[in-house]
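The values are calculated or read from the model by the stated rules, or taken from the named source; none is laboratory data. Just so you know, these numbers come straight off a predicted model, no measurement behind them. Don't worry about glycine lacking a Cβ; one is built from the backbone with ideal geometry, like all the others, and counts go over all protein chains shown.
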């Protein structure tokens, strides 16, 4: 299961617990079968923009439903896994703009491939199969019951060894772990209300946290920390689901896919964590309610250092993010506070995004307050095809399609493309893209920030779009957005304020909208 919900494979992003399905239609790029008419999927009903998009199915009883994919091109689950491991449709030369960006190449060992198939087989439940009668009214022979009707299952047998129970030292509600032991054994022993105390030293493991009301606490002694080291071999430092979980006081380094990930959890805290070179993300709570990330630092991350996605009631404060593609990203989330963070030397500093084709369809009520966002001029080393690979080098803050986003009290200094941008989705995806979300930012309020020396050397992608650098950028989408800033450069040069009359706002909008459509090249 760890591999299934790892950021290495990202299976859980579309097939999440408990139903292992998703309400969306996804483009994964399944190849056509020779001599068969191509199936355009949802486009047959919804039209342009949905070509080859298909409903995400449940994986429950998947072993009973071969052959696989909408056209039955794959006969076994091994073939399906190999298709995704190769990068999905991209490996077959199929690269439309709508191809799901979470489908990326990954490598599996022989044992990992077997484990993945075994996990999928474990989702089989035949307990409610209809009973075959002894006879039928026609008097014809009754088809006999087969012990195993699945060709997929019939080809596999499994033997499982029960892991040996390890008893660690317990002091009341504390379980003690030292470097000669594993943190996972401490987690297995833990009961509600326990703290797993981890002493300084190096631990090379992936933690599976499927318990509630526990704390995993690293102890520091004489500047020595407990270190979770993936040794550039393990994919994730931790994955899990639960409620009232705190992870506190660790160095996380050299994982290939992700640092710490909690999914579909409530009341989760990441505190006093340092992540270095942990793949796509450093700290990654997704589809959670009640998230606190504080006193953490992240660096060397190829997507977002601190990412909170499809979540609600979020606080990200007093963190340091540097040397990443993006420092902090709040994506498709509601009620977020991003405050008192230091964000520098990333390609993009802070992102507040609403992206299509995700479980959550809103980005609402985020406040970005009192952050120091400076010198975010790092080369963008995001994975080609990922959304963040399109974030211009030199971006301080970017709000994309979010609603009711307030940006105030921040310092935006020395970001070479722009200090703060408010844009719609078309600037990234192009005018012809069809969205399942509202692509326009509304009711955003940017005011009383300190802007200095931004936009002095805009990135190539900005210049090629027909834009220039500035403190403030607005692509003239969203009629109700407002700015109140002094002594700044801006595109367009006049931005609406809350005290504007309706007629002044309307006139300004129409003029700049016309010019923007004429001058700017969309993706």
Going through (1) surrounded by fewer than 17 Cβ atoms within 10 Å (Cβ to Cβ); (2) modelled with pLDDT under 95; (3) farther than 24 Å from residue 510 by Cα one by one, residue 388 fails only at (1)
Could you grab the pairs with beta carbons closer than 6 Å, sequence gap of 6+ or different chains, first residue in region 490-507 and in contact (Cβ under 8 Å) with a residue 12 or more places away in the chain and on the phi < 0 side of the Ramachandran plot, second one in a loop (DSSP other than H, G, I, E, B) and surrounded by 13 or more Cβ atoms within 10 Å (Cβ to Cβ)?
-> 505/496
Single unsatisfied condition, residue 1 versus (1) buried (at least 18 other Cβ atoms within 10 Å of the Cβ); (2) at pLDDT below 80; (3) under 19 Å from the mean Cα position of the chain (by Cα) = (1)
Region 283-298, residues that are in a strand (DSSP E or B) and on the phi > 0 side of the Ramachandran plot | 290
For region 96-136, what are the residues that are within 30 Å of residue 432 (Cβ to Cβ) and touching a residue at least 60 places away in the same chain (Cβ under 8 Å)?
-> 96, 97, 98, 99, 100, 101, 102, 103, 104
The number of residues in region 189-222 that are within 24 Å of residue 257 (Cβ to Cβ), part of a strand (DSSP E or B) and touching a helix residue (DSSP H, G or I) at 6+ places or on another chain (Cβ under 9 Å) is 8
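The rows are residues; the columns are (1) assigned to a helix (DSSP H, G or I); (2) at pLDDT 80 or above.
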{"site": "95", "(1), (2)": "no, no"}
{"site": "98", "(1), (2)": "no, no"}
{"site": "108", "(1), (2)": "no, yes"}
{"site": "120", "(1), (2)": "yes, yes"}
{"site": "123", "(1), (2)": "no, yes"}
{"site": "128", "(1), (2)": "no, no"}
{"site": "143", "(1), (2)": "no, no"}
{"site": "149", "(1), (2)": "no, no"}
{"site": "159", "(1), (2)": "no, no"}
Just one of (1) over 19 Å from residue 236 (Cβ atoms); (2) part of a loop (DSSP other than H, G, I, E, B); (3) modelled with pLDDT of 95 or more trips up residue 176, so point out which.
-> (2)
Could you please let me know if residue 230 is out of contact with any helix residue (DSSP H, G or I) (no Cβ under 8 Å at 6 or more places or on another chain) and crowded, with 21+ Cβ neighbours inside 10 Å?
-> yes
